[in-house]
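Structure, as structure tokens:
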Amino acid sequence: MSRLLRRLLPGSARLRPVTTRLGLGAAVLAMVAAVAATTPGSAQAATSEGLACDTSPTNSFTLTADDGYISTPDGNSIYTWSYADEAQRSFQFPGPVLCVDSGAPVTVVLHNHLPEATSIIFPGQRAVRADGRPAAPQFATDAQGDPTTTMTSMVQSADALSGATPGEVTYTFTAGSPGTYLYKSGTDADKQDQMGLYGALIVRPAGHAGQLTGRGDSAFDPAHEYLFLLSEVDPDLHLAVERHQAVDWAGYRARYFLINGRSMPDTLAPNNAPWLPNQPYGAMVHIKPYDPARPVENAIRYLNAGTHNYPFHPHGSDERVVTTDGQALQGAGGEDLSYSKYDLDVAPGQSLDVVFHWQDAEGWTIGANGQPTHQIPTQIPAITDQLLVGSDTWFSQSPYLGQKNAVPTYITDNNACGEYYHIAHSHALQEATNYGATFGGMMTLYRIDPPAGCPGN
Ligand SMILES: [Cu+2]
């Protein structure tokens, strides 16, 4: 529970009886009202699209490891552990996106409000220090005499300490090469990672804000930069931890598959959507067609916080991988070794940074005279891979970008102005579900607006 809610609800166990008596909806409303009433500033309330960075002029961040609840599109509420930026909010999932420049000295202070000890590790960053000492693994033995690894950087639970002072540890390191990295728990990591203790660390090339790396051919439009932090949740495991029961790893089975802590269709909601108060990050890509007169790329940072490979599959176009695990893809002589891919396989702990654009390759645009620039077959199967297939709620019923035909009355129309939508999802199709219900899970949409824009959107 957050310190904020502790203050509002004196007694650390106060929230759960509220949940029991009033039902979850009332408890969530109470939490929303409490957060809205007491959170300083308005940055949290403003919705937005795309990458939402936490930055600091001194590259110093204070994170709180805490527990809270996340919601899923099927109405479930899942007990979760995560990190929150103390300056921003009391609880959020996943942890805040920390953005720093390569070569910058970074400080991360960790406060622990979890019921057990925890720590943070920063895979890919060198010479991390914890309270000034090297944050190296520390070996101990368990009850069976087997060696176990703990971290010197481990911080005890505040609940284990007397008084109100939380456990605290300070990590320092110099931000490494430009790229996308995880930060995550280093203590009982299988469990604590599954419980949600992870976030993204983005390292930008110093002096080249609009590039993924120091290479000019990694340039992108900063207004169209996105993060896809991929992970999964086994709700039974989370429930066991909430009830202080043993974790049954033999029975592990993920039921929810997430991008930035949300499942489809919640992935489409904007950043800081008020109905998802603890899951601030959306995952919808919103771009315009490639314009030869203004040839800009868009960027996506793929990051896998799960336990196995997620074969992520954007439908609309290839994406060009320019960075893996914080390493620019180039040869010893600086030659470009980036490659285009239609399925982005993201391995556990791995990151891929890509640039891409969507090209109206067939010229299905509306010309200056308001008519399609050329005639094409009207049968939808002729153009399936350029569209969501069939009479979907997002389809304009027109193959022409910017034209919106009559939509059948029996569907809910989510198409604003004749824009295109491509789905993008894990191609392990059981991961494109919410507890088995299809068209959910690790899935989002790419929205391509007409070249002239979309009035009111
Ligand atoms: Cu697909």
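Amide H contacts under 5 Å for L114: A158, restricted to partners 5 or more places along the chain or on a different chain, H placed in the peptide plane at 1.01 Å from N. Please compute the modelled spin-label separation between N369 and R253, points set 7 Å along Cα→Cβ, answer in nm with one decimal. About 6.1 nm, to one decimal. Using the Cβ of P314 as centre and a radius below 10 Å, the other residues enclosed give a net charge of -2, where K and R count +1 and D and E count -1.
Solvent-accessible area of D236, all protein chains in place: 90 Å² (probe radius 1.4 Å, heavy atoms, ligands and nucleic acids excluded). In the context of the full protein assembly, F61 retains an accessible surface of approximately 10 Å², using a probe radius of 1.4 Å and ignoring ligands and nucleic acids. Close amide H contacts of T107 (hydrogens built in the peptide plane, cut-off under 5 Å, sequence separation of 5 or more or a different chain): S60, F61. Taking all protein chains together, T47, T55 sort by accessible area into T55, T47, largest first [probe 1.4 Å]. Full extension of the segment from T438 to T307, taken as 0.36 nm per residue of separation minus the current Cα-Cα distance, would add 45.0 nm. Taking a Cβ cut-off of under 11 Å around T187, the surrounding Lys, Arg, Asp and Glu residues balance to a net charge of -2, with basic ones at +1 and acidic ones at -1.
Coupling constants for the stretch 180-189 follow from the phi torsions by the Karplus curve (6.51 cos²θ - 1.76 cosθ + 1.60, θ = phi - 60°), and in residue order they are 10, 9, 8, 10, 6, 5, x, 10, 6, 5 Hz; glycine and proline get x.
Between the stretch 415-429 and the stretch 192-239, the C-alpha centres lie 21 angstrom from each other. Taking label points 7 Å from Cα along the Cα-to-Cβ direction, A104 and S77 give a separation of 3.7 nm. Largest accessible area first, the listed residues H286, H308, H427 line up as H427, H308, H286 when surface is computed with a 1.4 Å probe on the assembled protein chains.
The values are calculated or read from the model by the stated rules, or taken from the named source; none is laboratory data. Note that the coordinates shown come from a computational prediction; the quantities given were computed from them, not determined experimentally. As a convention, Cβ positions derive from the backbone with ideal geometry for all residues, glycine included, and neighbour counts pool all protein chains shown. When the accessible area is computed, the model is the full protein with side chains, heavy atoms only, and any ligands, DNA or RNA have been set aside. Shrake-Rupley method; radii C 1.70, N 1.55, O 1.52, S 1.80 Å.
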